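Participant: I'd like to ask some things about the structure below.
The values are calculated or read from the model by the stated rules, or taken from the named source; none is laboratory data. It should be emphasised that the depicted structure is a prediction, and the values quoted were computed from it without experimental measurement. Methodologically, a virtual Cβ is constructed for each residue, glycine included, from the backbone with ideal geometry; neighbour enumeration extends over all protein chains shown.
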Amino acid sequence: MGYLVTGGTGFVGRHLIDDLIKNRKGTIYVLVRPSSKAKFKALSARWGAEAERVVPLSGDLSKKRLGVAPADIARIKGKIDHLFHLAAIYDITNEDEAAQMTANVEGTRHALELGEAVKAGCFHHVSSIAAAGLFPGWWREDMFEQWEGGDHPYFATKHASEAVVREEAKLPWRIYRPGVVVGHSVTGETDKIDGPYVFFRMLKKLRRFIPSWLSLIGIEGGFLNIVPVDFVTGALDHIAHKPKLNKQTFHLTNPEHLRVGQILNIFARAAGAPEFTVRIDARMFAIIPKGLRDSLMRLPPVKSIVESVLGDLGIPRATLKFFNYPTRFDNRDAEKALAGSGITCPPLESYAGFLWDYWERHLDPALFTDHSLTGAVKGKTVLITGASSGIGYATAMKVGAAGGRVIIVARDPEKLAATKAEIEDAGGEAYVYSADVADMASCDMLVAQVVKDHGGVDVLVNNAGRSIRRSVHLSYDRFHDFERTMQLNYFGSLRLIMGFLPAMVERNRGQIINILSIGVQVNQPRFSAYVASKSALGAFTRCAQPEFHHNNIVFTNIYMPLVKTPMIAPTKMYDNVPTLSPNDAANMICEGIIERPKRIATRLGTFGEMLWAIAPNITNIMFNTTFRLFPDSAAAKGETAAPSENQPSNEAVALAALTRGLHW
């Protein structure tokens, strides 16, 4: 047997060659573009000792007879029993009509010319279910003319390439229409990021921020027919070698049709992400006339919002067109041809975990991004307030060690000098500025001097803050507590933001990190002054962020859990409950600098936020109970406590351990 494979260096093609090597005898000629020679050489190692059976033929889809040299044509003439034509553009996100016409339609015509020139025994055209277009309902294997293509070049050219085979082929031919091809059902191996893979980054984000047991609301969508590559190539190899099947079409599809919502849930389970338990049928949006929908999507504000959201989730905008894909595929002819072979399409649930694992280990875009702190801060200026102790000190040490120019700000010059010396002793670069962030004049002087000395900052970390743990009924005559907390936590931070923003806008880059509190999400009793001030800063950030999105300026809110720092020292009860270390908190800030997210929060904080939104009355009762369980400190009462009064009850310690990070 002799074989010729176009697209043999591609994803499906190399798996087909694997099967031909394993199951068949003879030489396998592979069309190789000049730009793919290195890829072919790498694949030779994959085939080991059998690689000598796989022979490259230099060629090009865009040329007559695929650009194969006359000498090569003469060499293989009469030796090719099966020509497998797989080379094409398989990409719905590619809307370049000229490129698709060249590769998918003209490429098929040129492959036929080559097949006729070498007197191939049979021409096997690997098409796609896209040849059906957007046909509503069941599409049979003997259907062709009934297609409804829409305006997308991928569907049009896949249909047109089949027409070339049906109308122009002088050779015996067979056509195969695979479903949406994903990775290997055993290894998960793939190199394609399309089909269901476009939703993987979204699922990863959901897994990171939301507990897996929490139910979400999603969209049901249309049908996707997903098949693993090993099923496709196994079926292709088997059917190609069965006699008396010429001039037939075979759907290499999954007999089980799943909607988009079902598929997302299958992969959510594989990823350990929350599922979309309540799913809204996307067809309900069809009540809006298509012309109106298209006009709305072309509006600059709407287009910008959609592209920004989809870009953040890693979902190509073109995929939205096919969210309500209406076609299902009958594959009775393929099943008949495969009868007795043992080749069947496995259910998606049986191998979704392998697909997810391979993607996460090998293809997740995050793997190819420099996630080191050095990559994020080297050569950049990072200003950290409250940097002489606690969280600020730990963060300054990390940024300095990573090669950032650290500007450390606090009130105490001696502590700042000591911190600067430590950073420099470790090989870092640090600059000291003494300032009181609660004083607006001091803030203005700090901004002016830093801009003069450094031209501004790349990253501003608003870390300096004040916390007050005191019940409202103990604060009736202490209105100044609210004023001074707001002055430092909100107005001071805001003054610095407003001071450093102009230089960031001018340079078209920058980041502002605000250290908020988990209390902003959970709203714990006794922290009304503190949480209100941090909430104000968070609200400002959320309002300001959209104004500077086009300037490449990111605002990051970090909802920090309870950290053992000098700020909580007056509340002696905290000596007996679990807290985060300043180093743990600094790691959260460093994560913010590296990833530049809009927010960083713990799952416990996010859960508390949702609890208030979903069941506010129940949450209120729960916190009233904890309010009575955790007493006010002696400091809050203005008293001097006996040592025994600093000890919380066993119940309080147990609850604090269970909810580590919350302020009680």
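Participant: In contact (Cβ under 8 Å) with a residue 40 or more places away in the chain, crowded, with 17+ Cβ neighbours inside 10 Å and touching a strand residue (DSSP E or B) at 6+ places or on another chain (Cβ under 9 Å) - does that describe any residue in segment 140-149?
Facilitator: Yes - at least one qualifying residue is present in segment 140-149.
Participant: Sticking with this one: Is there a residue in segment 387-400 that is under 25 Å from residue 495 (Cβ atoms), in the same structural domain as residue 458 (by TED's automatic domain parsing) and under 29 Å from the mean Cα position of the chain (by Cα)?
Facilitator: Checked segment 387-400: at least one residue is under 25 Å from residue 495 (Cβ atoms), in the same structural domain as residue 458 (by TED's automatic domain parsing) and under 29 Å from the mean Cα position of the chain (by Cα).
Participant: Please give the number of the condition residue 441 fails out of (1) in contact with a Phe, Trp or Tyr (Cβ under 9 Å, 6 or more places away or on another chain); (2) more than 27 Å from residue 552 (Cα to Cα).
Facilitator: (1)
Participant: Now for a separate question. If I filter segment 495-514 for residues that are acidic (Asp, Glu), part of a helix (DSSP H, G or I) and assigned by TED's automatic domain parsing to the domain that holds residue 602, do I get at least one hit?
Facilitator: The answer is yes; a qualifying residue exists.
Participant: Here's another thing I want to ask about it. For segment 233-257, give me the residue count where each residue is surrounded by fewer than 21 Cβ atoms within 10 Å (Cβ to Cβ) and either in contact with an Asp or Glu (Cβ under 8 Å, 6 or more places away or on another chain) or closer than 21 Å to residue 82 by Cβ (or both).
Facilitator: Summing the residues that are surrounded by fewer than 21 Cβ atoms within 10 Å (Cβ to Cβ) and either in contact with an Asp or Glu (Cβ under 8 Å, 6 or more places away or on another chain) or closer than 21 Å to residue 82 by Cβ (or both) in segment 233-257 gives 10.
Participant: Another question about this same structure. Quick check on my filter: what residues within segment 437-483 are among the acidic types (Asp, Glu), at pLDDT 95 or above and in contact with a Ser or Thr (Cβ under 7 Å, 6 or more places away or on another chain)?
Facilitator: Answer for segment 437-483, where residues must be among the acidic types (Asp, Glu), at pLDDT 95 or above and in contact with a Ser or Thr (Cβ under 7 Å, 6 or more places away or on another chain): just 458.
Participant: Go through the residues of segment 519-537 one by one and say whether even a single one is at pLDDT below 90 and touching a strand residue (DSSP E or B) at 6+ places or on another chain (Cβ under 9 Å).
Facilitator: Scanning segment 519-537 turns up at least one residue that is at pLDDT below 90 and touching a strand residue (DSSP E or B) at 6+ places or on another chain (Cβ under 9 Å).
Participant: Still on this structure, please answer the following. For the condition of a type outside the set (Ser, Thr, Tyr) and closer than 17 Å to residue 123 by Cα, what is the one hit in 89, 21, 73?
Facilitator: Unique residue meeting the criteria: 73.
Participant: Ok, one more. Looking only at segment 125-161, count every residue that is in a helix (DSSP H, G or I) and more than 19 Å from residue 226 (Cβ to Cβ) and tell me the total.
Facilitator: Summing the residues that are in a helix (DSSP H, G or I) and more than 19 Å from residue 226 (Cβ to Cβ) in segment 125-161 gives 6.
Participant: Please tell me if residue 205 is more than 22 Å from residue 344 (Cα to Cα), out of contact with any helix residue (DSSP H, G or I) (no Cβ under 6 Å at 6 or more places or on another chain) and among the basic types (Lys, Arg).
Facilitator: It is true that residue 205 is more than 22 Å from residue 344 (Cα to Cα), out of contact with any helix residue (DSSP H, G or I) (no Cβ under 6 Å at 6 or more places or on another chain) and among the basic types (Lys, Arg).
Participant: All but one of (1) under 36 Å from the mean Cα position of the chain (by Cα); (2) under 27 Å from residue 336 (Cα atoms); (3) surrounded by fewer than 23 Cβ atoms within 10 Å (Cβ to Cβ) hold for residue 177; state the number of the condition that does not hold.
Facilitator: Among (1) under 36 Å from the mean Cα position of the chain (by Cα); (2) under 27 Å from residue 336 (Cα atoms); (3) surrounded by fewer than 23 Cβ atoms within 10 Å (Cβ to Cβ), residue 177 violates only (3).
Participant: Right, next: Since residue 433 meets every condition but one in (1) within 13 Å of residue 393 (Cα to Cα); (2) part of a strand (DSSP E or B), which condition does it not meet?
Facilitator: (1) is the only condition that residue 433 fails.
Participant: Do we have residue 416 as out of contact with any helix residue (DSSP H, G or I) (no Cβ under 6 Å at 6 or more places or on another chain) and either under 21 Å from residue 466 (Cβ atoms) or part of a loop (DSSP other than H, G, I, E, B) (or both) here?
Facilitator: yes
Participant: How about segment 52-73: which of its residues are closer than 16 Å to residue 118 by Cα, in contact with a strand residue (DSSP E or B) (Cβ under 8 Å, 6 or more places away or on another chain), not β-branched (Val, Ile, Thr) and not in a loop (DSSP other than H, G, I, E, B)?
Facilitator: Residues satisfying the conditions are 56, 57, 58, 66, 67, 72.
Participant: Can you say whether residue 98 is under 24 Å from residue 254 (Cβ atoms), assigned by TED's automatic domain parsing to the domain that holds residue 256, of a type in the set (A, V, I, L, M) and part of a helix (DSSP H, G or I), as far as the supplied structure shows?
Facilitator: No.
Participant: Which fully enclosed helices (runs of 4 or more DSSP H) of segment 285-403 have 2 or more residues being modelled with pLDDT of 90 or more and surrounded by fewer than 17 Cβ atoms within 10 Å (Cβ to Cβ)?
Facilitator: Hits in segment 285-403: 332-338, 348-358, 373-377.
Participant: Among the residues of segment 162-187 satisfying the criterion of being assigned to a loop (DSSP other than H, G, I, E, B) and touching an Asp or Glu at 6+ places or on another chain (Cβ under 9 Å), which is farthest from residue 253 (Cα to Cα)?
Facilitator: 170
Participant: While we're on this one: What's the total number of residues in segment 324-364 that are touching a helix residue (DSSP H, G or I) at 6+ places or on another chain (Cβ under 8 Å) and under 12 Å from residue 254 (Cβ atoms)?
Facilitator: Of the residues in that region, 7 qualify.
Participant: Next question, about the same structure. Quick check on residue 522: is it over 23 Å from residue 412 (Cα atoms), in contact (Cβ under 8 Å) with a residue 12 or more places away in the chain and assigned by TED's automatic domain parsing to the domain that holds residue 390?
Facilitator: Yes: the conditions hold for residue 522.
Participant: Can you pull out the residues in segment 59-95 that are within 30 Å of residue 323 (Cα to Cα) and at pLDDT below 95?
Facilitator: Result: 87, 88, 89, 90, 91, 92, 93, 94, 95.
Listed here are the residues, each with its yes/no results for (1) among the basic types (Lys, Arg); (2) crowded, with 19+ Cβ neighbours inside 10 Å; (3) in a loop (DSSP other than H, G, I, E, B).
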site: 197; (1), (2), (3): no, yes, no
site: 204; (1), (2), (3): yes, yes, no
site: 208; (1), (2), (3): yes, no, no
site: 214; (1), (2), (3): no, no, yes
site: 231; (1), (2), (3): no, yes, no
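Participant: I need every pair where a residue in segment 218-235 that is under 10 Å from residue 344 (Cα atoms) has its Cβ under 8 Å from the Cβ of a residue that is charged (D, E, K, R), sequence separation at least 6 or different chains.
Facilitator: If the second residue must be charged (D, E, K, R), the pairs left are 234/19.
Participant: Answer yes if at least one residue in segment 112-123 is more than 26 Å from residue 246 (Cα to Cα) and either surrounded by fewer than 18 Cβ atoms within 10 Å (Cβ to Cβ) or of a type in the set (A, V, I, L, M) (or both), and no otherwise.
Facilitator: The answer is no, given that none of the residues of segment 112-123 is more than 26 Å from residue 246 (Cα to Cα) and either surrounded by fewer than 18 Cβ atoms within 10 Å (Cβ to Cβ) or of a type in the set (A, V, I, L, M) (or both).
Participant: Here is a follow-up. Please go through (1) within 24 Å of residue 410 (Cβ to Cβ); (2) surrounded by fewer than 19 Cβ atoms within 10 Å (Cβ to Cβ); (3) touching a residue at least 24 places away in the same chain (Cβ under 8 Å) for residue 538 and return the number of the only condition it doesn't satisfy.
Facilitator: Single failed check for residue 538: (2).
Participant: Those residues that are assigned to a strand (DSSP E or B) and either touching a residue at least 40 places away in the same chain (Cβ under 8 Å) or small (Gly, Ala, Ser) (or both), I need them from segment 253-281; list them, please.
Facilitator: Of everything in segment 253-281, those that are assigned to a strand (DSSP E or B) and either touching a residue at least 40 places away in the same chain (Cβ under 8 Å) or small (Gly, Ala, Ser) (or both) turn out to be 258, 278, 279, 280.
Participant: Continuing with the same structure: Would it be correct to say that residue 75 is within 29 Å of residue 180 (Cα to Cα) and not polar (S, T, N, Q)?
Facilitator: So residue 75 fails the test.
Participant: Within segment 1-37, count every residue that is in a strand (DSSP E or B) and surrounded by 17 or more Cβ atoms within 10 Å (Cβ to Cβ).
Facilitator: So the answer is 10.
Participant: Sticking with this structure for a sec: Here is a check on your reading of the model: is residue 186 at pLDDT 95 or above, under 25 Å from residue 228 (Cβ atoms) and touching a Gly at 6+ places or on another chain (Cβ under 7 Å)?
Facilitator: no
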